[in-house]
Amino acid sequence: MPRISNIYLPLIISILFSACQKVISVQLNSSSPVYMIEGVITDLPGTCKVSITQTKDFSGDNTFPGVSGAVVTVENNGVVTPLAETGTGVYSTNAINGTPGSTYNLKVSLNGVVYTASSTMPQPVGLNSIYVSKELLGNKNYITIVYSDPAGIKNYYRKVQYVNGHKEKTLFVSDDEFQDGLTIRDQLDFSNDTDDPARDIHPGDTVRVDMFCIDSTVHKYWSSLQQNGTGSGGSASPANPTSNIQGGCLGYFSAETIRSKTLVVPKS
Amino acid sequence: MVSLLAIAVSPFAQKSRAQTPEEIKISLELSHVSLATALHRIEALTPFKFLAKAEDIEREQDILLSVKDQPVSKVLQILFKGRNIQYRQIGINILLKKGQETGKKTAGTSFVSSTPAKTDEKYTVSGTIRSARTGETILGATIRVADPPGGVTSNEYGFYSVTLPAGDHQLEISAVGFASQTLPISLAGNVVMNIRLNEEAKDLQEVTVTASSATRSLTSTQMGLEKINIKETKNIPVLFGERDVMKTIQLLPGIKSAGDGNSGFYVRGGSADQNLILLDEATVYNASHLLGFFSTFNSDAIKNVSVYKGDMPAQYGGRLASAVDIKMNDGNNKDLGVSGGVGLISARLNIEGPIQQDRSSFLISGRRTYADVFLKLSSDTTVNRSRLYFYDLNAKANYAFGSKDRLYLSGYFGRDVLSQSNLAGLNWGNSTATLRWNHLFNSRLFSNTSLIYSNFDYKIFVHENGNDFTIFSQIRDWNWKEELQWYAGSKHTIQTGINGIFHTIRPGEITSSGKDAGVNSSILPRRYSVESAVYATDTWKPSGRLSLTYGLRVSAFSILGKGDYYNFDTNGNVTDTMHYRSGQVVKTYLNPEPRIAASYQLDQSSSLKASYTRNSQYLHLVTNSTTSSPTDKWIASTNVVKPEISDQWSAGYYKNLSEDRYELSVETYYKRMQNQIDYRNGANIFTNAPIETQLLYGIGRAYGIEWLLKKKTGRFTGWLSYTLSRTERKINAINNDQWYNARQDRTHDIAIVGIYQLNKKWTLSANWVFYTGDAVTFPNGKYTADGEVYFYYTNRNGYRMPNYHRLDLGATCQLKKHKKFSSELAFSLYNAYGRKNAYQIDFRQGKDNPNTTEAVQTSLFTFVPSISYNFKF
């Protein structure tokens, strides 16, 4: 279902015609680092990866070094699989073939603290088609994806868009609460707030959309991140996303399915 | 606009028993002077002051006069002979008027009923106070009596009742924007005296806005009250030239703006939904247009506004922080009048006139924005097929049945419409209707019965890209009220009433069209409830110096089926479900809300006051955005969502300085709040799941001190307001269960407003505001997720937005007046020194260097000039 903010957009633009933006310097406190754990198992064979990084101060650069020395395991049906550190702070294995319907339990031991999480891989939902569509007001190109939501079960989705291999940073997260069992057309709207031409969709560009089916706790993570964690001043209560990992860290552990479609934007 | 010019008005000048023009004798020699000069000379020799319309006397020149030791009455007869000018005396004032008036008519049309005088008997003077020009009732006018000292104010229908010992009295009647009058009365029985006040007069030569005495009562026990007469706001500069009383009240202490250019406001640390906004008694649930930049109140239709900052009288209930009581004009009951205006944003038209001459009237007032007219001019089809407008329509009529009954019917309809071709749109608005019946049982017992309808709804439609559906949401009230005001004697005024509201909330209903609509039809369960109250208060004056008001409001809230209600665990998961049949009571909350207030008059010019009030609130607005939106959700209390309760203690000192030219008030308050509500982190705002699964609960506290220094007389008027305050919340599971500053916590809040009447033509104005930036949550760090940078937060509202300040300038030019037609041009410049105030601060990955992060400030309004044209005939 299109978000209401899409309908607002033209209004806000017209109201804020005189609005001006400038980069300012804000004195932000530093805080002691907290672990950020990202764990993913997909239904692609042999894809199971956990990366561990840390928070850093706002003034620092955007490189987030990995954290080494953790003991990481994933358990499924009593079978415990250790993940080896294959890069700094990156732990992976190709011994697990993620299966929809299975529940996976993550355990990370790091500096004497144990972090645990559990995620159940949903059944996959593929994309019927994707096509280029125009924004509501104006001529900007977006991608609309079409998929058939399975009736009678709760489904949670995350979509990731790549334009010529560049990942769009906007989060596309949805569920089927009001769309159960329907053919859903979902336009992947985003605001190019950094004015980066590489993010826009031009004729001739190759666009790929990855469709992830995720479980409810992971959906909660991404949707709360989208609402309150992206740095937008429009949120009345910015906060860290709701994690499905126990033990006092940031992050998520997601057993997810992935389906993709690619198109080349026609030269109008 | 008729401007009344007076030679002088000084209501306090003469307190002794008025003398008559027959008693005072003068000698005077005049040759070839103007009538104005002649009158000035008489003023110099006698206690009398003359009041007249400028156009009635200014053409009278070339006066020749020679009198010796003649009574003033005789002198006036000579002066006015052949000039068709009538006069009548009211106290020390002598009113001059052209025309056929017999002169017998006095300002008060009175008749004496019943019983002859007995010396120790007490009698009641009662009646209605109205504007002499338009017949509009005057609310909150003060009627003062010197001996025994005391006074009353007119109620919200202009009715007053005062009980006095038999004998001679002087009634001094004053009201904001009107010239004071002193009426002599000889009481030998109950008297009905309907009073007509002339609009505030201006001095013939000096253009002085005269002393409207007693704009506030030092003796009244009411605290935390700001009264605004809509006329007073006329010259204050505003954004886009759109006069907005909701923005004017933000310049008063304790009332804070919800943001740059915003008509929303916070009172004494309360949130926006804790303000009860009433238009002719009907609740207005969403009092703003266009994301809050304009209020729904068209100034043309509004008479006055009273803001009670938490110390609400017992007849108001249902909100914690304030009651904003807005009264619509009744309409001119003398002449048909048309007024209107054109501004940058909107055009306005107002028509009013009598139904029964001098007895009843009607009013229709409309406003519509026309930004979309310009959209149509665009050659771009996506733009020219867009719609973006709002309108307001106010209508009111009143009708008198005999001298004791009057019916009022008033309505408001307003809507915002926003759509993009036929593809998608959103429209929302309020409609209210109020039917009221005033009945006078006798001169001391006034009754009002009201039947009120109030509705707010929004509709969203989408017909594009394979999505085809509408969403509808509504909150609707049916409200019945009965109130009695009993002027029990010279020492007691008793107010009692009963009230019942039936609320229906439809949280959201999706209707999809066609098979391939992309959305399923679905209805979030409707919620039904009855909010009722019974109350009584007594205002008691045990002595001339001490007044006490004490009362009790008992409110009850019954949640009714049909519907499912739930119990939850601490994580917000449903533990069990209870089904209720239609009409079955789910739960009833009962809250006694006591209140007590006292005032002690220290001397002629100063007093002390203190009060305590408890309020409860059963409807709550939950929002997770910094911008108000029509889709913000009103929810009713449930078995789990408890009523909000507040207790407010306040104390104040009030002083009139330099012969009442300045008014100083200092008020301080402490308020504690229970059962405050906030969304859980990551709450799903539009969901079929019970709303309680998305909420958290806690407590709040707010305290502060408010200073207000006001100058209401002279060419220069204005005020200086300063608030020092704090407001905090403590919500379970937010900020590690520690106290944190509420977003609207602003330590300092200053407003300076000045209006200068340069000459008859030009009025200049300026206001300057300063406030501490909102308490906001900024990141303390950052991290990476799926290759992107996100922000790490530790404390809720641990940072501040930059301080806000702004200067606005305004000028009003009165254009040349014709016989019946007058017009003016109003210029304003919002944010005159172009301060870039922060509306929002976003954090993002660096635009130029993606390996960094940066803070970006958005500012809205810098240098917004505007011009508007207003007319009246």
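A few remarks follow.
- Selection status of A:Tyr162, in contact (Cβ under 8 Å) with a residue 60 or more places away in the chain, under 20 Å from B:Tyr790 (Cβ atoms) and away from every other protein chain (no Cβ under 11 Å): no
Residues checked against (1) at pLDDT 90 or above; (2) over 30 Å from B:Gly466 (Cα atoms); (3) within 7 Å of chain B (Cβ to nearest Cβ):
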site	(1), (2), (3)
A:Pro2	no, no, yes
A:Leu9	no, no, no
A:Ser18	no, yes, yes
A:Ser51	yes, yes, no
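- The condition of being more than 7 Å from every other protein chain (Cβ to nearest Cβ) and either hydroxyl-bearing (Ser, Thr, Tyr) or under 19 Å from the mean Cα position of the chain (by Cα) (or both) does not hold for A:Gly231.
- Inclusion of B:Leu239 among residues that are more than 19 Å from B:Arg367 (Cβ to Cβ) and either in the same structural domain as B:Gly704 (by TED's automatic domain parsing) or among the aliphatic types (A, V, I, L, M) (or both) is not warranted.
- Checked against the criterion of being within 14 Å of chain A (Cβ to nearest Cβ), touching a strand residue (DSSP E or B) at 6+ places or on another chain (Cβ under 7 Å), within 26 Å of B:Ile731 (Cβ to Cβ) and not aliphatic (A, V, I, L, M), the candidates B:Tyr830, B:Tyr771, B:Tyr790 yield just one match: B:Tyr790.
- Filtered residues of segment B:427-460 (kept if among the aromatic types (Phe, Trp, Tyr) and buried (at least 18 other Cβ atoms within 10 Å of the Cβ)): B:Trp428, B:Phe446, B:Phe456, B:Tyr458
- Filtered residues of segment B:405-422 (kept if over 16 Å from B:Ser450 (Cα atoms) and surrounded by 18 or more Cβ atoms within 10 Å (Cβ to Cβ)): B:Gly414, B:Arg415, B:Asp416, B:Leu418, B:Ser419, B:Gln420
- The condition of being part of a strand (DSSP E or B), under 17 Å from B:Ile635 (Cα atoms) and β-branched (Val, Ile, Thr) holds for only one of B:Val462, B:Val534, B:Val530, that being B:Val530.
- Restricting segment B:843-854 to residues that are buried (at least 18 other Cβ atoms within 10 Å of the Cβ) and free of Cβ contacts under 8 Å to residues at least 60 places away in the same chain, the residue that is nearest to A:Ser235 (Cα to Cα): B:Arg844
- In segment B:512-525, residue farthest from the other protein chains (Cβ to nearest Cβ) [restricted to those that are surrounded by 16 or more Cβ atoms within 10 Å (Cβ to Cβ) and of a type in the set (Ser, Thr, Tyr)]: B:Ser512
- Scope segment A:234-265; condition more than 14 Å from the chain's Cα centre (by Cα), outside any strand (DSSP E or B) and hydroxyl-bearing (Ser, Thr, Tyr); matching residues: A:Ser237
- The set of residues from segment B:857-873 being within 11 Å of another protein chain (Cβ to nearest Cβ) and buried (at least 20 other Cβ atoms within 10 Å of the Cβ) comprises B:Gln857, B:Ser859, B:Leu860, B:Phe861, B:Val864.
- Members of segment B:654-675 found to be in a strand (DSSP E or B) and over 23 Å from the mean Cα position of the chain (by Cα), listed by number: B:Lys655, B:Asn656, B:Leu657, B:Tyr670, B:Arg672, B:Met673, B:Gln674, B:Asn675
- All conditions but one from (1) within 14 Å of another protein chain (Cβ to nearest Cβ); (2) more than 22 Å from B:Ile523 (Cα to Cα); (3) in contact with a Ser or Thr (Cβ under 6 Å, 6 or more places away or on another chain) apply to B:Phe461; the one that does not is (2).
- Residues of segment A:81-105 satisfying the condition of being of a type outside the set (Ser, Thr, Tyr), surrounded by fewer than 17 Cβ atoms within 10 Å (Cβ to Cβ), in contact (Cβ under 8 Å) with a residue 12 or more places away in the chain and assigned to a strand (DSSP E or B): A:Gly87, A:Asn105
- Selection from segment B:602-630 of residues that are more than 14 Å from chain A (Cβ to nearest Cβ), part of a loop (DSSP other than H, G, I, E, B) and surrounded by 16 or more Cβ atoms within 10 Å (Cβ to Cβ): B:Ser605, B:Tyr618
- When the strands (runs of 3 or more DSSP E) confined to segment B:312-378 are screened for residues that are within 20 Å of the chain's Cα centre (by Cα) and in the same structural domain as B:Ser299 (by TED's automatic domain parsing), those reaching at least 2 such residues are found at B:322-328.
- For segment A:241-268, taking the residues that are touching a helix residue (DSSP H, G or I) at 6+ places or on another chain (Cβ under 8 Å) and at the interface with chain B (Cβ under 7 Å from one of its Cβ atoms), the one that is farthest from A:Thr120 (Cα to Cα) is identified as A:Pro241.
- Any hit, segment B:713-734, residues being within 14 Å of chain A (Cβ to nearest Cβ), of a type in the set (Asp, Glu) and either assigned to a loop (DSSP other than H, G, I, E, B) or touching a Gly at 6+ places or on another chain (Cβ under 8 Å) (or both): no
- All conditions but one from (1) more than 22 Å from B:Thr784 (Cα to Cα); (2) buried (at least 17 other Cβ atoms within 10 Å of the Cβ); (3) over 20 Å from the mean Cα position of the chain (by Cα) apply to A:Arg185; the one that does not is (3).
The values are calculated or read from the model by the stated rules, or taken from the named source; none is laboratory data. Remember, it's a predicted structure, so these values are computed and weren't measured experimentally. Neighbour counts are summed over all protein chains in view; Cβ atoms, including those assigned to glycine, are modelled from backbone coordinates with ideal geometry.
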